[in-house]
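Scroll down for the structure; my scribbles are underneath it.
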Amino acid sequence: MFSEAPVLIAEDNLYVSLDLSNAVEEMDGHVIGPASSIAEALTLLATHEVAAAIVDCCLAGRDATPLARQLAERRVPFVIHTAMPVPAMMKEFHPPVPVLLKPLQPCAVLACLLEEMRRVGPTGGREATAHKLEQTDKVV
């Protein structure tokens, strides 16, 4: 289902990160991470191609807004998978990000991530979708 797409997992709970990693691999994805801190996740994002991400909104006791901001700026589709309320800053800069409340089965998280990848498109963002529609209009 993921067709070897690299998926960043930013999760500080070892068991949850292992469950998500195994599920991504079972669905033919390539796991980047898992990262258990904001710094580690930002480093992975800077040094690896990332097609999508699963982000806990609190990593090692720190707000994951800087990571979510980077993902949004790069137009990388992602979901927030959390047991805590999402910080207001995270909601303000990228409102349509799906928020999934723990506990949730990994297959449900990945189904939502796949839907977000389809919504955002392969190059990301609404601009890409508008551009594809323009191309379709020209071809027809």
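Tell me, what is the per residue accessible area of the stretch 7-94 in Å², probe radius 1.4 Å?
Values: 4040 Å² over 88 residues.
Ligands and nucleic acids excluded, the result is 46 Å² per residue.
I'd like to know which of Leu14, Ser36, Val24 lies farthest towards the positive end of the charge dipole of the stretch 1-51, counting +1 on Cβ of Lys and Arg and -1 on Cβ of Asp and Glu.
Result: Ser36, furthest along the dipole toward the positive end.
Rank these residues by their accessible area, most exposed first, probe 1.4 Å: Ser36, Ser17, Ser3. Please report the intermediate quantities before stating the final value.
Values: Ser36 55, Ser17 5, Ser3 90 Å².
So the residues, ranked largest to smallest area, are Ser3, Ser36, Ser17.
Based on Cβ point charges of +1 for Lys and Arg and -1 for Asp and Glu, what charge dipole magnitude is obtained for the stretch 1-53 about its Cα centre, in debye rounded to the nearest 20?
Working: 0 positive and 9 negative charges, 30 e Å.
Approximately 140 debye in magnitude.
For the stretch 7-18, just list the computed ³J(HN,Hα) in residue order, Karplus coefficients 6.51, -1.76 and 1.60, θ = phi - 60°, integers in Hz, with x standing in for Gly and Pro.
Ordered by residue, 3J(HN,Hα) equals 10, 7, 10, 10, 8, 8, 8, 4, 5, 5, 5, 5 Hz.
Whose amide H sits under 5 Å from the amide H of Val31, counting only residues 5 or more places off or on another chain, with H placed in the peptide plane?
Amide H to amide H, under 5 Å and 5 or more residues apart or across chains, Val31 pairs with Val7.
The values are calculated or read from the model by the stated rules, or taken from the named source; none is laboratory data. Since we're looking at a predicted model, the values are computed, not measured. Neighbour counts run over all protein chains shown; Cβ positions are idealised from the backbone, glycine included. The protein model used for the area step is the full one, side chains on, heavy atoms only, and it has no ligands, DNA or RNA in it. Shrake-Rupley method; radii C 1.70, N 1.55, O 1.52, S 1.80 Å.
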